[in-house]
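Read the structure below first, then the notes.
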């Protein structure tokens with residue numbers, strides 16, 4: 001097999017960057033709730049797909065895809081708050097949160113299949129058609145939007161945690177919730193807020209999924225391995241971690257696909273993860 | 001016990017295998033086959049995940065590996081169907097062991113991480129199968145593969161195959177639970193570090209359980225491939241297998257070999273009811289809902305709760321036993337007292353720049369009680385952790401009986417005859433007090449059989465005054481009793497060297513007197529004792545010699561009274577007087 005042309009290589013690097021941004025966006029909420037609330041929310045993927053289907057539905061009814069965020073984000077925020085309330089009510093351990101959210105995943109998947117059937121769905125929108133030409137390379141608008149949103153949200157959360165009073169209180173909760181509570185931090189309220197935000201981020205990721213991908217209920221699990229790899233590589237609770245790690249994974253996958261065969265791409269994130277876990281065990 | 005169980009299994013096998021010869025509708029046989037199929041998957045999953053607590057979300061991958069092995073061999077290589085089954089088991093088991101050999105080496109691999117890694121592996125494998133000639137996309141048809149006529153009809157053949165495999169799986173799960181492997185796995189579930197320090201080869205045990213678990217799933221996959229006769233990646237590597245299997249085990253109760261079978265029968269019947277009524281999707285949702293409800297309200301599972309209730313009602317009466325029959329622990333014949341038993345040379349250990357041990361030289365003499373004292377953070381507990389193998393030293397040597405322990409795994413160190421206690425007691429929370437103490441006797445230097453180990457454990461419980469609590473769970477003990485449980489557990493391995501980490505802290509005056517008496521008696525039986533202590537009264541009363549540590553170095557050693565007056569020692573505790 002000869003080396004692929006430079007243009008092809010450039011195009012695949014670019015697509016790696018963009019898909020990496022989506023990994024990062026999907027991983028953001030996951031990383032925050034795992035790192036700061038010790039809840040491993042498998043249902044995050046199902047939520048993102050639910051968001052995608054909602055966007056699809058609303059856009060089908062004539063709404064602008066971006067405007068659907070006004071509906072999806074508050075709704076998902078409420079869902080996240082509700083879910084955290086349930087988990088906190090039964091003081092579910094990190095491990096059991098994984099099992100409970102596994103259950104939620106199955107329910108949401110069934111709901112999606114019941115409403116939208118198992119058929120493939122593709123959102124038609126004006127955004128999908130727009131492409132920019134940069135030199136010999138093409139950039140599609142939905143991908144650019146995804147990158148922009150991933151960057152914006154990650155940086156916003158980073159700034160919030162770093163520079164505001166509530167953000168610092170949130171970091172104190174992540175460090176040690178009972179001690180933070182003893183010093184007057186509103187653990188309950190802030191945890192509900194963070195959980196709501198995580199779910200809202202899933203809604204935003206859902207919009208990006210709907211813009212670029214064909215939807216099917218079974219696809220929920222396709223993202224799971226890679227995104228969890230990005231979350232763990234990026235460091236739990238680190239708001240910039242998933243995006244950086246996601247882009248590293250996306251680009252490595254794209255290179256692997258370009259240089260070998262597409263079949264080996266899924267191995268990339270897994271091997272990266274194992275290598276990092278072996279080399280830097282303290283990270284998780 | 002085993003003979004009766006074997007008879008029970010044989011009777012169940014004979015009775016159930018007669019069913020097809022009464023000519024029931026094929027439809028019932030197929031339904032029962034599915035029940036057996038899920039019993040195999042759930043019970044095999046439980047061997048690693050239920051017993052040891054490492055929940056695998058990747059059972060679908062091993063099931064799928066078996067499915068594709070049978071499908072590939074039967075269609076492309078013309079191997080007769082039944083011959084593909086052992087190969088399906090082999091491929092799945094090798095795949096599982098290879099994966100385990102990597103992930104179980106990860107330091108600080110927690111349950112959550114294992115669950116996610118195994119889940120990810122499922123999709124990695126699915127993508128590879130899909131994009132390589134193993135499948136390539138269209139799926140594999142097995143309709144042309146001849147099915148051996150074991151029963152009167154094809155559906156009864158599957159019924160009989162499923163039945164045989166289900167009984168075999170249940171038998172294996174039962175034997176594992178009652179074997180040393182099972183005991184070790186249950187200890188890993190509660191506290192893996194402590195299990196390792198008490199002599200359980202945790203890494204090998206997890207690998208063995210994983211291999212068994214995957215191999216059985218592989219056979220189930222092989223039979224299922226033939227049953228559905230059309231194998232696709234999408235159906236095989238779906239989330240349904242891990243989701244259902246986790247639910248079945250959690251629902252039935254994952255701490256008993258039979259629990260998952262109860263859950264499997266219940267969930268299969270439920271799913272079948274939904275599918276028959278054309279509500280397959282609703283069935284999927286119901287499985288999710290039940291999983292949530294069970295985790296929140298029934299953490300022990302249906303069968304687990306039942307067993308728990310039965311156990312509470314029937315506490316077996318045990319004949320009284322006293323400490324009289326205790327063996328003389330660890331007499332090392334032919335070696336005089338006073339010689340070095342353990343020597344540390346230049347031990348160093350740093351944690352991210354904190355030099356906890358900075359070149360410790362130390363000698364423990366045969367038959368003595370050595371006190372290890374020093375201010376907080378001086379490295380006493382680290383020293384115990386390094387000697388017992390919990391941490392590896394960065395450099396230096398630890399010679400025990402002339403053998404270097406510095407590079408040995410903790411369970412091997414335990415087998416050389418070193419035992420320790422923890423400052424904050426770390427009993428196995430789900431094992432009874434008796435089982436807690438019997439475990440080190442099974443995995444210690446003498447590797448006793450279970451019955452002998454339990455007999456000896458009861459003697460040690462009598463010795464430490466815990467005989468009445470033998471059947472309690474450690475959670476029901478108070479601090480004083482938990483400290484003595486630590487002691488009994490360390491003694492049960494018949495150690496030559498006993499490392500005691502602050503046994504006296506938190507005890508009342510009278511309880512300390514009790515403990516001092518016990519430690520004197522232990523020494524009188526021939527053990528050598530190192531103890532870390534802050535209670536100076538106990539140090540002065542018990543020790544022959546003391547060693548003082550400060551900032552990871554030995555700053556003084558010798559006669560307790562003389563050493564405690566040395567200016568360096570006083571300064572280490574109280575600071576230097578101002579000139």
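The table that follows gives values for the structure above.
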quantity: Residue A:33 in a helix (DSSP H, G or I) and within 11 Å of chain B (Cβ to nearest Cβ); calculated: no
quantity: Lone unmet requirement of (1) in contact with a helix residue (DSSP H, G or I) (Cβ under 9 Å, 6 or more places away or on another chain); (2) within 14 Å of another protein chain (Cβ to nearest Cβ) for residue A:93; calculated: (1)
quantity: Within region B:406-421, considering residues that are crowded, with 23+ Cβ neighbours inside 10 Å and assigned to a loop (DSSP other than H, G, I, E, B), the one modelled with the lowest pLDDT; calculated: B:417
quantity: Listing of helices (runs of 4 or more DSSP H) fully contained in region A:197-284 that carry 2 or more residues being within 14 Å of another protein chain (Cβ to nearest Cβ) and within 30 Å of residue A:114 (Cβ to Cβ); calculated: A:224-234
quantity: Index of the failed condition, residue A:50 passing every other in (1) surrounded by fewer than 17 Cβ atoms within 10 Å (Cβ to Cβ); (2) modelled with pLDDT of 90 or more; (3) more than 25 Å from residue B:299 (Cα to Cα); calculated: (1)
quantity: Test for residue A:81: is it within 14 Å of chain B (Cβ to nearest Cβ), more than 11 Å from residue A:204 (Cα to Cα) and touching a helix residue (DSSP H, G or I) at 6+ places or on another chain (Cβ under 9 Å); calculated: no
quantity: Flag if residue B:61 is more than 30 Å from residue B:430 (Cα to Cα), within 12 Å of chain A (Cβ to nearest Cβ), touching a residue at least 24 places away in the same chain (Cβ under 8 Å) and within 24 Å of the chain's Cα centre (by Cα); calculated: yes
quantity: Out of B:125, B:117, B:106, B:198, sole residue that is over 26 Å from residue B:36 (Cβ atoms), within 14 Å of another protein chain (Cβ to nearest Cβ) and surrounded by 20 or more Cβ atoms within 10 Å (Cβ to Cβ); calculated: B:117
quantity: Residue among A:167, A:103 that alone is over 22 Å from residue A:51 (Cα atoms) and either modelled with pLDDT of 85 or more or surrounded by fewer than 15 Cβ atoms within 10 Å (Cβ to Cβ) (or both); calculated: A:167
quantity: Filter pass, residue B:135 being under 37 Å from the mean Cα position of the chain (by Cα) and either assigned to a helix (DSSP H, G or I) or more than 30 Å from residue B:438 (Cα to Cα) (or both); calculated: no
quantity: Selection count where residues are part of a loop (DSSP other than H, G, I, E, B), in contact with a helix residue (DSSP H, G or I) (Cβ under 7 Å, 6 or more places away or on another chain) and surrounded by fewer than 22 Cβ atoms within 10 Å (Cβ to Cβ), scope region B:239-285; calculated: 2
quantity: Residue within region B:302-318 that is modelled with pLDDT of 70 or more and either closer than 25 Å to residue B:488 by Cα or outside any helix (DSSP H, G or I) (or both) present; calculated: no
quantity: Selection status of residue A:128, in contact with a helix residue (DSSP H, G or I) (Cβ under 9 Å, 6 or more places away or on another chain), buried (at least 23 other Cβ atoms within 10 Å of the Cβ) and more than 13 Å from every other protein chain (Cβ to nearest Cβ); calculated: no
quantity: Criterion (in contact with a strand residue (DSSP E or B) (Cβ under 6 Å, 6 or more places away or on another chain) and crowded, with 23+ Cβ neighbours inside 10 Å) met by exactly one of B:399, B:500, B:487; calculated: B:500
quantity: Checklist (1) within 30 Å of residue B:8 (Cα to Cα); (2) free of Cβ contacts under 8 Å to residues at least 12 places away in the same chain applied to residue B:187, failing item; calculated: (2)
quantity: Residue check, residue B:84 modelled with pLDDT under 90, assigned to a helix (DSSP H, G or I) and either more than 14 Å from chain A (Cβ to nearest Cβ) or over 19 Å from residue B:206 (Cβ atoms) (or both); calculated: no
quantity: Where residue A:117 falls short, out of the listed (1) more than 14 Å from chain B (Cβ to nearest Cβ); (2) surrounded by fewer than 19 Cβ atoms within 10 Å (Cβ to Cβ); calculated: (1)
quantity: Positions within region B:293-302 being on the phi < 0 side of the Ramachandran plot and surrounded by 21 or more Cβ atoms within 10 Å (Cβ to Cβ), in sequence order; calculated: B:294, B:295
quantity: Number of the exception - residue B:98 against (1) more than 7 Å from chain A (Cβ to nearest Cβ); (2) touching a helix residue (DSSP H, G or I) at 6+ places or on another chain (Cβ under 9 Å); (3) over 24 Å from residue A:219 (Cβ atoms); calculated: (2)
quantity: Selection count where residues are closer than 15 Å to residue B:440 by Cα and in contact (Cβ under 8 Å) with a residue 60 or more places away in the chain, scope region B:467-491; calculated: 6
quantity: Residue among B:276, B:269, B:285 that alone is at pLDDT 80 or above and more than 9 Å from chain A (Cβ to nearest Cβ); calculated: B:269
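The values are calculated or read from the model by the stated rules, or taken from the named source; none is laboratory data. Quantities reported herein were computed from a predicted structural model and do not represent experimental measurements. Cβ coordinates were reconstructed from backbone atoms using ideal geometry, including for glycine residues, and neighbour counts include every protein chain displayed.
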